[in-house]
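Before any comments, here is the structure.
What follows draws every value from the coordinates through simple rules; no lab data is involved. In this text, all values refer to a predicted model and were calculated from it rather than measured experimentally. Counting neighbours? That spans all protein chains shown, and the Cβs are built from the backbone with ideal geometry, glycine included.
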Amino acid sequence: MLRELSITHFALIDELRVEFGAGLNVLTGETGAGKSILIDALGLALGTKGEAEQIRTGAEEATVEAAFDLVGEEARRPLADSGIECLPDEFLVVRRLLLREGKSKAYVNGRLSSAALLRDLAELLIEVHGQHQGPGLTQPSRQRLLLDAYAGLTGDVAAFRVLYNRRQALREELGSLQAGEREKAQRIDLLQHQRGEIAAARLTDGEEEELIQERTILAHVASIQDAAAQLRDYREGVEFDPERLEQVEVRLHEVGKLKRKYGGSIAEILKFARSADEELHRLMRSEERGLEVERELGALEANLSQQAAALTARRTAAAARLAMAVRQELQALRMEKAAFAVQVRARPGSGGSHLEASGADEVEFLIAPNPGEELKPLGRIASGGELSRVMLAIKAILAASDQIPTLVFDEVDVGIGGGMAEVVGQKLWAIGRERQVLSITHLPQIAALADRHLSISKRVKGTRTETAVQVLDGEEKVREIARMLGSKGRSRTPIQHAQEILEAARRWKAANSRP
């Protein structure tokens, strides 16, 4: 989860360090105080495009650093692929530097990285809902992951992916084996000829040196008169033999031809022959290997089709249950007339090409917020408030099974109030029992349920305006709730009302906390 955000020279922020905790973290403050600036800064740290205008006036660069702990295996995988180590008991620190010239630098655990890696990590670490929302839950791929989590299929899909990747590897191998059959046949002929030519020569290591020495002696034995003492005994045992001299010359000529083709010495020629033998063995075995791959691939295709069908059946059954659960949540969120459906359909394709690493299905969430409207993809909802409530409903259902550790709700309370605000706050708090939640809100009923309350304010320091953050507790929290209720002057009524709201929230949390 997100433990700390450190910001320097970003928008209205000069220098700011904010610590977050587990559960429901609430950010409150006057309109324009800079609450959403924190979300923008967090987005920059996680790879969103930065603009030079975001750099504080008078500064040449802005820096945002975010620290996460309890990073899961899924998030550590892209780090490992990039050669970055993040042990389970260590913080993951991402840092983004935005320069006035428009360029930026990204660092992960102190190592220069890329914004693309930050974006990959963001998808596994944090999800933003509301006015600053990214694609998130509106993406069908993300919706499929949520349905799989709800259906308890995450492990089954991971096992399917292993088989699918094996199929892809086998397909590539078979393609390589089948490609260039004519070239392979020509290569086999060449290797067989080369190996045969070298084998027929019956070369032995060191033979050439012995032949050269013998040729020298045979060529000069008849004309030797006063040889060195060390050659005298050898000369007495040697007779001039023109026929043997010719044999030696022929053999040396044969060795020379082979050297010109296969190496500068007999040792290199013999090494070439061994290499040709090995390659020839591989090529000759490729046909046999091709048959083996075809047999394994056929069995794997059948297994994948069977498992894909099982995944489809379980997804379809779970889709109906999830849709019903979301409709019930939407009723509690005052969207009683909304229709919601989870569509599971076959991915287009034939001949096995419709399979992907997740199976054969496409998943999409559909909604009709009002009676008489047709069901449409979730991402096409016009009202941001409705979309936020749908997201809240889905997250309330999937809080225990979803793998994203931190959820951000940016003004999810837009357009609601009264008893509805209390319901939204209770759902945010309940989600916070399973996942870290950051919520920007203007509603005191939501703020009262916070496990950690952060107040965002603007202040003038010297001649400059800057944003400040304060952790609230005790009387400070009461006064902030009173301000949100509309407290002005010294009236005790809003203070008393704030105390009542906080007490009611405390009792509700105590009653709904797990033992």
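Tell me the relative contact order for region 70-214 as a rounded percent, counting alpha carbon contacts under 8 Å between residues six or more apart. Walk me through the numbers before you get to the answer.
Values: 70 pairs, mean separation 16.2, N = 145.
Relative contact order here is 11 percent.
So for each of 23-30, 212-219 I average, over its residues, the number of other beta carbons within 10 Å; can you give me the resulting order with the highest mean first? Display every interim value, and only then the final one.
Details: 23-30: 23.8, 212-219: 14.6.
Ranking, from highest mean packing down: 23-30, 212-219.
Binning every alpha carbon pair distance of region 97-168 at 5 Å from zero, what are the percents per bin?
Spelled out per bin, shortest first, that is 3, 12, 14, 16, 17, 16, 11, 6, 4, 1.
What is the Cα convex hull volume of the chain when expressed per residue in Å³?
Details: hull volume 141.1 nm³, N = 515.
Here the figure is 274 Å³ per residue.
Which of the listed residues, Ile126, Val108, Pro88, is farthest toward the dipole's positive end in region 65-137, when Lys, Arg count +1 and Asp, Glu count -1 at the beta-carbon?
In region 65-137, that residue is Val108.
Can you give the helix-only mean residue ellipticity at 222 nm for the chain, where every DSSP H stretch with n ≥ 4 adds -39500 (n - 2.57) and the sum goes over all residues, rounded to the nearest 500 deg cm²/dmol? Working shown, then result.
Working: 15 runs with 266 residues, N = 515.
Mean residue ellipticity, 222 nm, calculated: -17500 deg cm²/dmol.
With the Cα gyration tensor of region 53-144 giving a ≥ b ≥ c as the square roots of its eigenvalues, does the rule (a/c under 1.5 for rounded; else a/b larger than b/c for prolate; else oblate) give rounded, prolate or oblate? Provide the component values of the computation, followed by the final result.
On the way: a/c = 2.13, a/b = 1.22, b/c = 1.74.
Oblate, because a/c is 1.5 or more while a/b does not exceed b/c.
Which of the lysines could a cross-linker bridge to Lys271, judged by Cα under 29 Å and excluding same-chain residues fewer than eight apart?
Lys271 reaches Lys184, Lys257, Lys259, Lys261.
Would you list, by chain and number, the lysines whose Cα falls below 28 Å from the Cα of Lys509, excluding same-chain residues fewer than 8 positions away?
In chain and number order, the partners are Lys35, Lys395, Lys427, Lys477.
Which shape class applies to region 271-393: rounded if a/c is under 1.5, otherwise prolate when a/b exceeds b/c and oblate if not, where a ≥ b ≥ c are the square roots of the Cα gyration tensor eigenvalues?
Working: a/c = 4.72, a/b = 3.44, b/c = 1.37.
Cα axes put region 271-393 in the prolate bin.
I need the shape label for region 372-452. Rule: rounded when a/c is under 1.5, else prolate if a/b > b/c, else oblate, with a, b, c from the alpha carbon gyration tensor. Mind dumping the intermediate values first?
Details: a/c = 2.10, a/b = 1.25, b/c = 1.68.
Oblate, because a/c is 1.5 or more while a/b does not exceed b/c.
Which ordering of Met420, Met335 is given by a fewest-first count of other beta-carbon atoms within 10 Å?
Working: Met420 17, Met335 21.
Sorted ascending by nearby Cβ count, the order is Met420, Met335.
Which whole-number percentage describes the relative contact order of region 9-107, with Cα contacts under 8 Å and a sequence gap of 6 or more? Write down the numbers at each step before the final one.
Working: 119 pairs, mean separation 29.8, N = 99.
With pairs under 8 Å counted, the relative contact order is 30 percent.
Place the peptides 470-483, 398-411, 191-204, 432-445 in order of packing, highest mean first, counting for every residue the other Cβ atoms within 10 Å and averaging per peptide.
On the way: 470-483: 16.6, 398-411: 20.4, 191-204: 14.6, 432-445: 23.5.
My ranking of the peptides, most packed first, is 432-445, 398-411, 470-483, 191-204.
Around Leu291, what is the net charge, scoring Lys/Arg as +1 and Asp/Glu as -1 over all other residues with Cβ under 13 Å from its Cβ? Display every interim value, and only then the final one.
Working: positive: Arg285, Arg289, Arg295; negative: Glu173, Glu287, Glu288, Glu292, Glu294, Glu296.
Cβ neighbours under 13 Å give a net charge of -3.
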